[in-house]
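The values are calculated or read from the model by the stated rules, or taken from the named source; none is laboratory data. Because the structure is predicted, anything quoted here is derived from the model rather than measured. Because the Cβ atoms are built from the backbone with ideal geometry, glycine has one as well, and the counts that use them run over all protein chains shown.
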Amino acid sequence: MGKYKEENKHFVGIAPDCHPCIINQTVSAARFANLTEEQTRRIVAIAEAGLAESKTTPLLAQHVIRRVADAIIRECGESQDFDIYAEVKEKSNQLALLYAERFQREIDSSESPFETGLQIAAAGNIIDFGAKSHGDLDLDRELNSLNDVPFDCYDIEPFKEALAGASTLLYICDNSGEIVFDMLFIKELQRAYPQLQIVAAVRDRPIINDATLVDAQIVGLDRLVTTISSGSAYPGTVLPETSETFQEMFTGTDVILSKGQGNFETLLPLASEQIFFLLRIKCDYMAGLSKVKKDSLVLMQGSGIKKSHSPLASSSSTRSSSGSNTCCI
């Protein structure tokens, strides 16, 4: 911890704009777990304590959300692998599978199947119960409007160039349900770049509605490409806290495609020409940091992210490579 203290002389903690989001997400998770009002107050107090602690220690929003999830699991009297969002994740997976055939037809009939598949995979990032309050996400409505969401940052040519010269691709997944649309795009990747060895990575333990190996097996992702656990127990990829196998793959692969806002936040400090971020911007704070419009889609090459775009900028570049000070996950 001495190194952290030395590096974080100007540390500013989790951005204040993000505090209400984290508290709302905490309450939402408690409701998904059917906690009582008294239990919910205890859980909110844990989140508030984490936010206060983040002002003096290098604590990420992802750490606070993990603490909240673990506290809820204890209140429920369940094991550490208990999935608070199991029911809604199952619904997301099954509903996405119902829509998959329709979107596959759209891809097949498109003048540019690769780019259509990319857009569907990006737009599918809206299936996120971490960024929505309890009961606020209408999956049917969102899935019916996937094609209506525009890109506000679109580094498609650098992406294609990187893939053309690559032999390996690490595809870091985000949410359950969303991974069905990732599969549609992965098929286009395989078709356009048959030389690519693709590995998909999912979370190690249930956290919010993020995809795990169980979800990958349910939708068939593991039968399409090699699928591994990243070792992450967080709604994001805090690299020092992932598995050794994943870290070796991360540093050794030719191209990385990082899906979703949680991965974007935690991997942004490591942004390079090797990494491409594919997501939907879901809050005003992240829109300001990434210089794109809220609710728009992003395909962004890491090397093109200016320092002013990074959450690190507000802390005088003092944050370690383990993550940023953002929060909308």
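Taking each residue of segment 47-60 that is at negative phi and looking for partners that are assigned to a helix (DSSP H, G or I) and small (Gly, Ala, Ser) with beta-carbon atoms closer than 9 Å, six or more apart or interchain, yields ALA47/ALA71; GLY50/ALA61; LEU51/ALA61; SER54/ALA61; LEU59/GLY50. Listed conditions (1) touching a Cys at 6+ places or on another chain (Cβ under 8 Å); (2) part of a helix (DSSP H, G or I); (3) buried (at least 24 other Cβ atoms within 10 Å of the Cβ) are all met by MET300, apart from (2).
Residue check: ALA123 meets all listed conditions (1) surrounded by 23 or more Cβ atoms within 10 Å (Cβ to Cβ); (2) modelled with pLDDT under 95; (3) out of contact with any Ser or Thr (no Cβ under 9 Å at 6 or more places or on another chain) but one, namely (3).
Yes/no per residue for (1) under 22 Å from ALA201 (Cα atoms); (2) at pLDDT below 90; (3) not β-branched (Val, Ile, Thr):
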{"site": "ARG223", "(1), (2), (3)": "yes, no, yes"}
{"site": "GLY236", "(1), (2), (3)": "yes, no, yes"}
{"site": "THR245", "(1), (2), (3)": "yes, no, no"}
{"site": "GLY252", "(1), (2), (3)": "yes, no, yes"}
{"site": "SER272", "(1), (2), (3)": "yes, no, yes"}
{"site": "LEU297", "(1), (2), (3)": "yes, no, yes"}
{"site": "SER316", "(1), (2), (3)": "no, yes, yes"}
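Restricting attention to segment 182-206, which residues are under 15 Å from GLN104 (Cα atoms) and either modelled with pLDDT under 95 or of a type in the set (Val, Ile, Thr) (or both)? Listed by number, the list holds a single entry, ILE186.
The residue that is farthest from CYS173 (Cα to Cα), counting only those in segment 217-226 that are surrounded by fewer than 20 Cβ atoms within 10 Å (Cβ to Cβ) and of a type in the set (Val, Ile, Thr), is ILE218.
Taking the listed residues GLN80, GLN39, the one that is touching a helix residue (DSSP H, G or I) at 6+ places or on another chain (Cβ under 8 Å), exposed (fewer than 15 other Cβ atoms within 10 Å of the Cβ) and at negative phi is GLN80, with no other qualifying.
Any chance segment 104-113 includes a residue that's surrounded by fewer than 19 Cβ atoms within 10 Å (Cβ to Cβ) and of a type in the set (Lys, Arg)? I'd like the intermediate steps shown before the answer.
To start, the set of residues in segment 104-113 that are surrounded by fewer than 19 Cβ atoms within 10 Å (Cβ to Cβ) comprises 104-106, 108-112.
Pick out the ones that are also of a type in the set (Lys, Arg) and you get 105.
Scanning segment 104-113 turns up at least one residue that is surrounded by fewer than 19 Cβ atoms within 10 Å (Cβ to Cβ) and of a type in the set (Lys, Arg).
Residues in segment 189-216 that are surrounded by fewer than 24 Cβ atoms within 10 Å (Cβ to Cβ) and not hydrophobic (A, V, I, L, M, F, W, C): GLN190, ARG191, TYR193, PRO194, GLN195, GLN197, ASP204, ARG205, PRO206, THR212.
Taking first residues from segment 102-125 that are closer than 18 Å to PHE151 by Cα and partners that are in a helix (DSSP H, G or I) and of a type in the set (Ser, Thr, Tyr), the Cβ contacts under 6 Å between residues at least 6 apart in sequence or on separate chains come to ILE107/THR116; SER110/THR116. Tell me, please, whether a residue that is farther than 20 Å from ASN209 by Cα, surrounded by 15 or more Cβ atoms within 10 Å (Cβ to Cβ), modelled with pLDDT under 95 and in the same structural domain as ASP148 (by TED's automatic domain parsing) can be found in segment 48-59. No - not one qualifying residue is present in segment 48-59.
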